[in-house]
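Notes to accompany the following structure.
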Amino acid sequence: MKIQTKVHSKNLVKWAKDKPEVLVLSADLTSSTEIDLFRDTYPERFFSMGIAEQNMMSFAGGLAREGFKPFVHTFAVFIYRRAYDQIAMSIAYPNLPVKMFGFLPGIMTPGGATHQAIEDISVMRSLPNMTILECGDATDVESVLDVADSINGPVYIRILRGEMPRLFPSTQPMQFGKARVISEGTDIVLLTSGICTEEAMRASKALKSKGVSIHHLHISTLKPFNDESVLEAISKSKYGVITMENHSIIGGLGTIISEKLAEAGLGKKLTRIGIKDTFAHGASKQYLMKEYGLDAMALISEIEKVIGKNLNIKEEELTDAYIVDVHSKAKAEAL
């Protein structure tokens with residue numbers, strides 16, 4: 001598993017070189033959202049809007065009406081919690097091509113409840129015209145720009161920063177509306193998104209050695225969700241489906257799948273792994289994922305419940321996780 005650093009920072013500058021209509025907006029978190037290199041490379045296409053997210057969203061809507069493509073950057077919580085009305089009325093209602101890059105999704109930060117976007121998918125997916133994408137590794141981050149740019153309307157992106165693994169080959173980019181097949185199996189369909197995909201992959205070898213057949217799919221398009229291959233796999237599963245997400249179990253991937261199961265009339269058991277209707281406190285990513293049941297061992301525990309069997313898998317049997325330092329040169333601050 002190769003670790004990549006500041007993927008979005010370098011990729012955005014390269015990708016936007018021949019796209020003068022792409023403008024980048026910052027809410028006083030320029031280095032924190034990896035757009036300082038863009039600022040230095042294309043200063044005439046960079047706007048520092050200050051700590052004024054509501055104004056930034058309205059401003060972005062105005063730019064889009066004039067034919068520009070605004071790429072808004074800030075921490076995820078400051079997008080939807082601070083400026084929801086402006087997003088709804090100035091961007092989503094007129095269906096304008098504003099791309100919103102939300103950093104620190106879920107419990108990836110020791111910043112605590114003020115900085116943890118644990119209900120953003122639930123909030124943003126209720127907006128008409130809104131598309132929602134989520135990155136799970138360096139390959140997703142590299143290819144999400146093409147996907148977002150291809151969508152004629154607003155897009156909200158849960159994106160990663162700093163140091164991150166490359167879980168998927170760089171030659172296999174994110175595809176809009178299509179789940180990425182990680183493994184094929186018949187016992188359980190496992191749907192993961194964001195950083196939870198790495199945790200699921202950590203457990204896969206141990207689960208396979210115990211004879212559990214997992215059909216694992218990585219989900220990067222959360223809205224619209226129309227991938228028929230997902231429901232087809234669930235319909236063939238022996239024990240049903242498990243969703244695993246770095247988000248509240250209310251309104252996110254688990255809710256999306258429950259809606260699709262009900263609409264299709266599929267009588268398959270659904271198990272949701274995610275944040276259980278609670279705020280989280282501040283700590284390292286690894287601690288929080290274990291504390292709130294989002295890690296590989298939590299997945300194994302839920303699988304044991306589903307199949308009714310103790311697999312006797314110990315944590316030392318799992319593939320090692322890459323531990324990101326809280327203080328790192330790849331990040332502007334210890335968040």
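The values are calculated or read from the model by the stated rules, or taken from the named source; none is laboratory data. Since the structure is predicted, the reported quantities are computational estimates derived from the model, not experimental observations. As a convention, Cβ positions derive from the backbone with ideal geometry for all residues, glycine included, and neighbour counts pool all protein chains shown.
A few points about this structure:
- Total residues in segment 122-161, condition at positive phi and either modelled with pLDDT under 95 or out of contact with any strand residue (DSSP E or B) (no Cβ under 7 Å at 6 or more places or on another chain) (or both): 1
- Count of segment 87-127 residues which are among the small types (G, A, S) and in a loop (DSSP other than H, G, I, E, B): 3
Residue by residue, here is whether (1) under 24 Å from M174 (Cα atoms); (2) in contact (Cβ under 8 Å) with a residue 24 or more places away in the chain; (3) surrounded by fewer than 24 Cβ atoms within 10 Å (Cβ to Cβ) holds:
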residue: I87; (1), (2), (3): no, yes, no
residue: G102; (1), (2), (3): yes, yes, no
residue: P105; (1), (2), (3): yes, yes, no
residue: G111; (1), (2), (3): no, yes, yes
residue: A117; (1), (2), (3): yes, yes, no
residue: M124; (1), (2), (3): yes, yes, no
residue: N129; (1), (2), (3): yes, yes, yes
residue: C135; (1), (2), (3): yes, yes, no
residue: D146; (1), (2), (3): yes, yes, yes
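- Exclusive hit being buried (at least 22 other Cβ atoms within 10 Å of the Cβ) and at pLDDT 95 or above, set L266, L288, L270: L288
- Scanning segment 232-252 for residues that are surrounded by fewer than 19 Cβ atoms within 10 Å (Cβ to Cβ) and either assigned by TED's automatic domain parsing to the domain that holds I157 or not in a loop (DSSP other than H, G, I, E, B) (or both) yields E232, S235, K236, G240.
- Highlighted here are the strands (runs of 3 or more DSSP E) found entirely within segment 163-221 that include at least 2 residues which are surrounded by 20 or more Cβ atoms within 10 Å (Cβ to Cβ): 163-166, 188-192, 214-218.
- Search result, residues across segment 286-323 that are hydrophobic (A, V, I, L, M, F, W, C), in contact with a helix residue (DSSP H, G or I) (Cβ under 6 Å, 6 or more places away or on another chain) and assigned to a helix (DSSP H, G or I): A296, M297, L299, I300
- Residues in segment 138-190 that are within 15 Å of the chain's Cα centre (by Cα), under 23 Å from L299 (Cβ atoms) and among the hydroxyl-bearing types (S, T, Y): T139 only.
- Residue match in segment 8-15 (condition: at pLDDT 95 or above, among the basic types (K, R) and either part of a loop (DSSP other than H, G, I, E, B) or more than 29 Å from P169 (Cβ to Cβ) (or both)): no
- Only one of the listed residues (V155, V181, V141) is β-branched (V, I, T) and closer than 25 Å to V241 by Cβ. That residue is V181.
- Conditions (1) of a type outside the set (A, V, I, L, M); (2) within 18 Å of L25 (Cβ to Cβ); (3) in contact with a helix residue (DSSP H, G or I) (Cβ under 6 Å, 6 or more places away or on another chain); (4) buried (at least 24 other Cβ atoms within 10 Å of the Cβ): number failed by F78: (4)
- Any chance K276 is buried (at least 17 other Cβ atoms within 10 Å of the Cβ) and of a type in the set (K, R): no
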